[in-house]
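Single-structure report; data block below.
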Amino acid sequence: MTLFEKIIARDIPADIVYEDEACIAINDINPQAPHHVLIIPRKVIPRVGDAAAEDQAALGALLLAAGKIARQLGVIDTTSGFRLVINHGHDAGETVPHMHVHLLAGRGLEWPPG
Ligand code: 5GP
């Protein structure tokens, strides 16, 4: 079981900020911004590049959830805003092999990223 499956199963506690039939969203344990939420599909897709056509709905659900969470956090307006990140593999900084979208907000974010 991946770490995130254990969180979804409530075997490991987490601060859940949103959930629906397709995904769950939790506050990151090591936040990189004032708001740092992980949006995790219930279905285990190890990393985004492993996703198949049958995962289209699950992937889309993550972006729809991101918008809802951004609205919940009060960062949906374009004067604040938020960034979504998916890390695939070593060079990108992936550490948990259960794909997830990072939602970062609450401060100005550098571009290009580090
Ligand atoms: P990745 O590096 O794979 O893109 O992202 C994994 C994220 O999971 C990291 O930002 C890390 O801080 C977070 N994380 C790791 N372990 C836990 C945990 O037990 N609980 C929560 N809420 N986040 C975790």
*Can you run down the residue pairs with Cβ atoms below 6 Å, 6 or more apart or on separate chains, where the first is in the stretch 81-99 and without any contact (Cβ under 8 Å) to a residue 60 or more places away in the chain and the partner is surrounded by 14 or more Cβ atoms within 10 Å (Cβ to Cβ) and among the basic types (Lys, Arg)?*
His88/Arg47; Met99/Arg47
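State whether the residues of the stretch 80-87 include one that is touching an Asp or Glu at 6+ places or on another chain (Cβ under 6 Å), modelled with pLDDT of 95 or more and either surrounded by fewer than 17 Cβ atoms within 10 Å (Cβ to Cβ) or outside any strand (DSSP E or B) (or both).
Looking for residues that are touching an Asp or Glu at 6+ places or on another chain (Cβ under 6 Å), modelled with pLDDT of 95 or more and either surrounded by fewer than 17 Cβ atoms within 10 Å (Cβ to Cβ) or outside any strand (DSSP E or B) (or both), one finds at least one in the stretch 80-87, hence yes.
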*Just checking, which of Ile69, Ile76 is closer than 19 Å to Val17 by Cα and without any contact (Cβ under 8 Å) to a residue 12 or more places away in the chain?*
Ile76
*asked:* Quick test of your reading of the structure: Val96 fulfils all but one of (1) assigned to a loop (DSSP other than H, G, I, E, B); (2) open to solvent by 50 Å² or more (accessible area, probe 1.4 Å); (3) within 16 Å of the ligand (Cβ to nearest atom); (4) hydrophobic (A, V, I, L, M, F, W, C). Name the failing condition by number.
replied: (2)
*Find the residue count for the stretch 1-31, including only residues that are outside any strand (DSSP E or B) and under 23 Å from Leu109 (Cβ atoms).*
5
*How many of the residues making up the stretch 32-59 are in a loop (DSSP other than H, G, I, E, B) and more than 8 Å from the ligand (Cβ to nearest atom)?*
10
_Residue tally, condition within 15 Å of the ligand (Cβ to nearest atom), over 11 Å from the mean Cα position of the chain (by Cα) and among the aliphatic types (A, V, I, L, M), over the stretch 66-93_ = 1
*If you scan the stretch 1-30, which residues turn out to be open to solvent by 50 Å² or more (accessible area, probe 1.4 Å) and near the ligand (Cβ under 8 Å from one of its atoms)?*
Leu3, Ile12, Asp15, Asn27, Ile29, Asn30
*asked:* Criterion first (at pLDDT 95 or above and over 21 Å from Ile7 (Cβ atoms)) does Ala57 satisfy it?
replied: yes
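The values are calculated or read from the model by the stated rules, or taken from the named source; none is laboratory data. Note that the coordinates shown come from a computational prediction; the quantities given were computed from them, not determined experimentally. When we count neighbours, we look across all protein chains shown, and the Cβ atoms used for this are built from the backbone with ideal geometry, even at glycine. Quick note on the areas: whole protein, heavy atoms, side chains included, nothing else; ligands and nucleic acids left out. Shrake-Rupley method; radii C 1.70, N 1.55, O 1.52, S 1.80 Å.
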